[in-house]
Amino acid sequence: MNYDQIFDAAIGRLHSEGRYRVFIDILRNKGSYPNARCFAGHNGPKDITVWCSNDYLAMGQHPKVIEAMEEALHNVGAGSGGTRNIGGNTHYHVDLETELADLHGKDGALLFTSGYVSNDATLSTLAKVLPGCIIFSDALNHASMIAGIRNSGAEKRVFRHNDLAHLEELLAAEDPAVPKLIAFESVYSMEGDVAPIHAICDLADQYNALTYIDEVHAVGMYGPRGGGITDREEAAHRIDIIEGTLGKAFGVMGGYIAADRKIIDVIRSYAPGFIFTTSLSPVLVAGVLASVRHLKASSVERVGQQANAALLKAMLRDAGLPVMASTTHIVPLMVGDPVRAKTIADILLAEYGIYVQPINYPTVPRGTERLRFTPGPAHTEPMMHDLTTALTEIWQRLDLALAA
């Protein structure tokens with residue numbers, strides 16, 4: 001058995017399909033995001049502008065967050081000391097869970113090391129606890145949700161993206177006595193569209209199903225206190241389990257769920273992904289705590305971000321570039337080919353100091369490869385003008401079609 005040959009072939013397939021991923025070596029400039037330094041090449045760091053960060057509101061650079069993390073570091077040290085069961089349950093963790101439960105109007109919350117883990121651990125555990133559970137999953141659900149559903153061993157039914165008629169058809173076909181769980185997202189991060197939350201909840205009520213929503217691309221971003229789309233639509237009370245991340249709009253790291261205290265206790269007691277992993281560093285938790293508290297009280301960052309997203313969409317559209325329809329802060333630009341998407345991203349970085357990553361399969365379906373821009377409140381109009389000008393020039397250079 002030639003193992004090296006097998007590994008080489010696996011990597012070779014990615015290269016031949018044009019979707020081999022290259023990680024850019026950068027450092028963000030503290031206090032001046034979206035400015036950063038790129039270490040590609042041998043001429044030392046090059047100044048760049050970051051256009052693809054999920055730190056949507058630049059809270060990872062916020063003075064309150066940094067101060068809270070520095071204070072925690074000097075107060076308790078770097079690490080948590082173990083799992084939540086063994087020394088890793090600090091007062092920072094308890095305080096943050098209380099804040100997150102309050103953010104979503106729930107009885108309890110539970111922290112995980114990432115949004116991926118919170119989805120995987122919760123969905124896989126919940127379905128195992130519910131005998132004969134069937135999970136109804138939106139076709140565009142995140143890979144972490146798909147992994148959790150697969151790891152649960154439960155039967156699944158995949159409904160077409162945001163298609164209520166198809167979802168109802170699948171629900172109606174099942175035994176009314178069987179436990180059911182509808183799993184979906186609020187903001188779909190590659191499309192930039194939003195789920196019809198109330199309508200899905202209506203179906204859940206009608207067919208006696210639990211509801212599970214992934215709000216990772218919406219928490220901090222929407223609603224009067226940053227509770228997500230469920231906050232904005234006043235729907236949080238209708239959702240059984242709300243899952244979110246602490247590494248995007250909140251700017252640090254981690255994941256969580258918020259739910260009824262009984263559900264939280266079940267996941268806490270049964271989920272291996274929670275029980276057997278070292279808890280988040282209290283330094284990170286302190287930073288998130290400051291971020292959540294700030295965004296509960298401040299809408300300045302959300303308003304600025306939404307205004308910039310709308311402005312960038314308009315500028316790209318006016319230039320004839322193929323910006324995809326989006327009702328959220330996500331600004332996707334359709335390319336439709338993995339090699340071309342990487343070529344455009346490479347030119348932007350090398351010639352214009354603009355950093356954006358190409359989005360390829362399996363993150364999006366083949367043939368829908370794109371560039372995904374995430375303008376934040378600190379991106380300026382001149383930055384957007386430079387980006388639009390660069391993209392227009394590259395589109396013309398590569399003989400790509402621009403709208404009239």
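The values are calculated or read from the model by the stated rules, or taken from the named source; none is laboratory data. In this text, all values refer to a predicted model and were calculated from it rather than measured experimentally. We place every Cβ from the backbone using ideal geometry, glycine too, and count neighbours over all the protein chains shown. Note: accessible area is taken over every heavy atom of the protein model, side chains too, but ligands, DNA and RNA are not part of it. Shrake-Rupley method; radii C 1.70, N 1.55, O 1.52, S 1.80 Å.
Quick notes on this one:
- Of the residues making up segment 323-333, those that are modelled with pLDDT of 95 or more and either in contact with a His (Cβ under 7 Å, 6 or more places away or on another chain) or open to solvent by 30 Å² or more (accessible area, probe 1.4 Å) (or both) number 0.
- The one condition in (1) in a helix (DSSP H, G or I); (2) touching a helix residue (DSSP H, G or I) at 6+ places or on another chain (Cβ under 8 Å); (3) open to solvent by less than 30 Å² (accessible area, probe 1.4 Å) that Gln305 fails to fulfil: (2)
- Scanning segment 259-270 for any residue that is closer than 30 Å to Gly77 by Cα, crowded, with 24+ Cβ neighbours inside 10 Å and polar (S, T, N, Q) turns up nothing.
- Subset tally (residues that are under 16 Å from Gly376 (Cβ atoms) and either crowded, with 17+ Cβ neighbours inside 10 Å or touching a helix residue (DSSP H, G or I) at 6+ places or on another chain (Cβ under 9 Å) (or both)) for segment 30-40: 6
- Selection of segment 169-196 for residues being hydrophobic (A, V, I, L, M, F, W, C), at pLDDT 95 or above and touching a strand residue (DSSP E or B) at 6+ places or on another chain (Cβ under 7 Å) yields Leu170, Leu171, Val178, Leu181, Ile182, Ala183, Phe184, Val187, Val194, Ala195.
- Where a residue in segment 1-22 is modelled with pLDDT of 90 or more and its partner, wherever it lies, is assigned to a loop (DSSP other than H, G, I, E, B) and open to solvent by 100 Å² or more (accessible area, probe 1.4 Å), with Cβ under 9 Å and at least six apart: Leu14/Arg21
- Selected residue [surrounded by 19 or more Cβ atoms within 10 Å (Cβ to Cβ) and either of a type in the set (Lys, Arg) or modelled with pLDDT of 90 or more (or both)] from Gly108, Gly81: Gly108
- Any chance Asn43 is outside any helix (DSSP H, G or I) and either buried (at least 20 other Cβ atoms within 10 Å of the Cβ) or at pLDDT below 95 (or both): yes
- If you check Ala101, Ala121, Ala72 for being more than 23 Å from the chain's Cα centre (by Cα) and hydrophobic (A, V, I, L, M, F, W, C), only one passes: Ala72.
So that you can scan it fast, the table gives a plain yes or no per residue for (1) of a type in the set (A, V, I, L, M, F, W, C); (2) closer than 22 Å to Gly254 by Cβ:
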residue: Ala9; (1), (2): yes, no
residue: His15; (1), (2): no, no
residue: Tyr33; (1), (2): no, yes
residue: Thr49; (1), (2): no, no
residue: Cys52; (1), (2): yes, yes
residue: Lys64; (1), (2): no, yes
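- Residue count, segment 219-245 (criterion: among the small types (Gly, Ala, Ser), in contact with a Lys or Arg (Cβ under 8 Å, 6 or more places away or on another chain) and on the phi < 0 side of the Ramachandran plot): 1
- Output for segment 186-227, where each listed residue is open to solvent by less than 10 Å² (accessible area, probe 1.4 Å), of a type outside the set (S, T, N, Q) and assigned to a strand (DSSP E or B): Val187, Tyr188, Tyr212, Ile213, Asp214
- Given (1) outside any loop (DSSP other than H, G, I, E, B); (2) closer than 23 Å to Ala40 by Cβ; (3) not basic (Lys, Arg), index of the condition Ala310 fails: (2)
- Count of segment 38-60 residues, restricted to those that are free of Cβ contacts under 8 Å to residues at least 40 places away in the same chain and under 20 Å from Lys342 (Cα atoms), is 2.
To keep it simple, each residue is scored yes or no on (1) aromatic (Phe, Trp, Tyr); (2) surrounded by fewer than 22 Cβ atoms within 10 Å (Cβ to Cβ); (3) free of Cβ contacts under 8 Å to residues at least 60 places away in the same chain; (4) not in a loop (DSSP other than H, G, I, E, B).
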site	(1), (2), (3), (4)
Leu289	no, no, no, yes
Met315	no, yes, no, yes
Gly320	no, yes, no, no
Arg340	no, yes, no, yes
Ala345	no, no, yes, yes
Tyr361	yes, yes, no, no
Thr368	no, yes, yes, no
His379	no, no, no, no
Thr388	no, yes, no, yes
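- Listed conditions (1) small (Gly, Ala, Ser); (2) part of a loop (DSSP other than H, G, I, E, B); (3) out of contact with any Phe, Trp or Tyr (no Cβ under 9 Å at 6 or more places or on another chain); (4) surrounded by 16 or more Cβ atoms within 10 Å (Cβ to Cβ) are all met by Ala68, apart from (2).
- Tyr116 passes every criterion in (1) of a type in the set (Ser, Thr, Tyr); (2) under 17 Å from Ile213 (Cβ atoms); (3) crowded, with 22+ Cβ neighbours inside 10 Å apart from (3).
- Looking only at residues in segment 84-96 that are under 10 Å from Thr278 (Cβ atoms) and in contact with a Ser or Thr (Cβ under 7 Å, 6 or more places away or on another chain), the one that is least open to solvent (accessible area, probe 1.4 Å) is Gly88.
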